[in-house]
1. Which residue pairs have Cβ atoms under 6 Å apart, sit 6 or more places apart or on different chains, and have a first residue in region 26-42 that is within 14 Å of T140 (Cα to Cα) and in contact (Cβ under 8 Å) with a residue 12 or more places away in the chain and a second that is more than 6 Å from the ligand (Cβ to nearest atom) and β-branched (V, I, T)?
2. Which of the numbered conditions does F226 fail, given that it passes all the others? Conditions: (1) closer than 25 Å to L164 by Cβ; (2) without any contact (Cβ under 8 Å) to a residue 60 or more places away in the chain.
3. Assess whether A174 counts as being crowded, with 24+ Cβ neighbours inside 10 Å and in contact with a helix residue (DSSP H, G or I) (Cβ under 7 Å, 6 or more places away or on another chain).
4. Can you say whether S81 is in contact with a Lys or Arg (Cβ under 9 Å, 6 or more places away or on another chain), within 10 Å of the ligand (Cβ to nearest atom) and of a type in the set (S, T, Y), as far as the supplied structure shows?
5. What residue, of V133, V192, is crowded, with 20+ Cβ neighbours inside 10 Å, under 26 Å from Y36 (Cβ atoms) and touching a residue at least 24 places away in the same chain (Cβ under 8 Å)?
6. May I ask you to list the residues in region 47-69 that are within 10 Å of the ligand (Cβ to nearest atom) and buried (at least 18 other Cβ atoms within 10 Å of the Cβ)?
7. Restricting attention to region 26-41, does a residue exist that is of a type in the set (V, I, T), in contact with a His (Cβ under 8 Å, 6 or more places away or on another chain) and either assigned to a loop (DSSP other than H, G, I, E, B) or within 16 Å of the ligand (Cβ to nearest atom) (or both)?
8. Kindly list, by first and then second residue, each pair from a residue in region 100-111 that is at negative phi and of a type in the set (D, E, K, R) to a residue that is outside any loop (DSSP other than H, G, I, E, B) and away from the ligand (no atom under 16 Å from the Cβ), limited to pairs with Cβ atoms under 6 Å and residues at least 6 apart or on different chains.
Amino acid sequence: MEYIDAKSILMPWGGEWFGCDHTVNIYRGCSHGCIYCDSRSDCYAIKRFDTVRAKRNALEILESELAHKRKKGIVALGAMSDGYNPFEKETELTRGALKLFDRYGFGVSLETKSDMVLRDIDILKSISSHSPVFVKLTVTTPYDGLAKKLEPRACSVTRRFAALAALSEAGLYAGVLMTPVLPFIEDDSASVLTIVDKAAECGCGFVYAGNSFGVTLRDSQRVHFFDKAEKHFVGIKEKYCAAYGNDYFCVSPVSDELYKSFADRCRKYGIEYEMSQIVAKGKRPYEKQQISLFDL
Ligand code: SF4
């Protein structure tokens, strides 16, 4: 693994995404190899994306930034690079960041495709004793074989669901991030509804799939996606080009019907699936603290 210099770690975060106020990426690049990864887009200018680089002095910089924040909040972890890459086992930088959130009274919204997150249940529970914690395992297909083609170096879907069961069992607010859902590859109701069924079996509190099913594609990310996808799904590039041209958001042709059945299935289990409801439920136990700590 390589190291790079960083001037700052804690960045502001706008929008409704799991109630986040800040975002942190301890690593640059990601080793999971997802063929649809948005972080490969030109706008992020991450060269050699598959090579993981850790930010030098990341924890010292982060500690100083957290200590100087007067207003507490929720920090997004893992949005541009999965914090549980194989190097994390030794470096423990993600674990170190979680310890700092705990020490300085911040909540966390963590997303990963790795069951290494189970190592940090102790700290996540400690954070949840004072602040909101959202733990998300990304699952785009319930089938291990298909996931191996789409997310070749991430851990199996079976292990991701086992991790979700353990996180829920530990009393954490855990759920599935079901994005993207690739048109013509993953957008069938058996696939989507099986994910919801498995999430329910694992005791998940939410499944978030956005407001419609599809994938965003642009510039280098699109080129990479077609290059890799065509090896497994011959003719897929032609199908995408005919359906979407150069569109950024490629919405599944069956998105509306699919979303209706998805929402019905989530409601059947009492699982949250709309962002505002997920955030409200995750923050509810801390409402009194939020008045005193988060909103001052
Ligand atoms: S885990 Fe996330 S950041 Fe890493 S390659 Fe996959 S989509 Fe990209």
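1. The qualifying pairs are Y36/V215.
2. Checking F226 against (1) closer than 25 Å to L164 by Cβ; (2) without any contact (Cβ under 8 Å) to a residue 60 or more places away in the chain, the one that fails is (1).
3. On the way: crowded, with 24+ Cβ neighbours inside 10 Å: yes; in contact with a helix residue (DSSP H, G or I) (Cβ under 7 Å, 6 or more places away or on another chain): yes.
For A174, the condition - crowded, with 24+ Cβ neighbours inside 10 Å and in contact with a helix residue (DSSP H, G or I) (Cβ under 7 Å, 6 or more places away or on another chain) - is met.
4. Working: in contact with a Lys or Arg (Cβ under 9 Å, 6 or more places away or on another chain): yes; within 10 Å of the ligand (Cβ to nearest atom): yes; of a type in the set (S, T, Y): yes.
So S81 passes the test.
5. Numbers: V133 fails: under 26 Å from Y36 (Cβ atoms).
After ruling out the rest, the residue left standing is V192.
6. Keep residues of region 47-69 that are within 10 Å of the ligand (Cβ to nearest atom), which gives 49-50, 52.
Within region 47-69, F49, V52 meet the criteria.
7. Restricting attention to region 26-41, the residues satisfying the condition of being of a type in the set (V, I, T) are 26, 35.
Adding the requirement that they be in contact with a His (Cβ under 8 Å, 6 or more places away or on another chain) leaves 35.
Now restrict to residues that are either assigned to a loop (DSSP other than H, G, I, E, B) or within 16 Å of the ligand (Cβ to nearest atom) (or both): 35.
Yes - at least one qualifying residue is present in region 26-41.
8. From region 100-111, the pairs are D102/I123; D102/S126; D102/I127.
The values are calculated or read from the model by the stated rules, or taken from the named source; none is laboratory data. None of the values given here were measured: they were computed from a predicted structure. We place every Cβ from the backbone using ideal geometry, glycine too, and count neighbours over all the protein chains shown.
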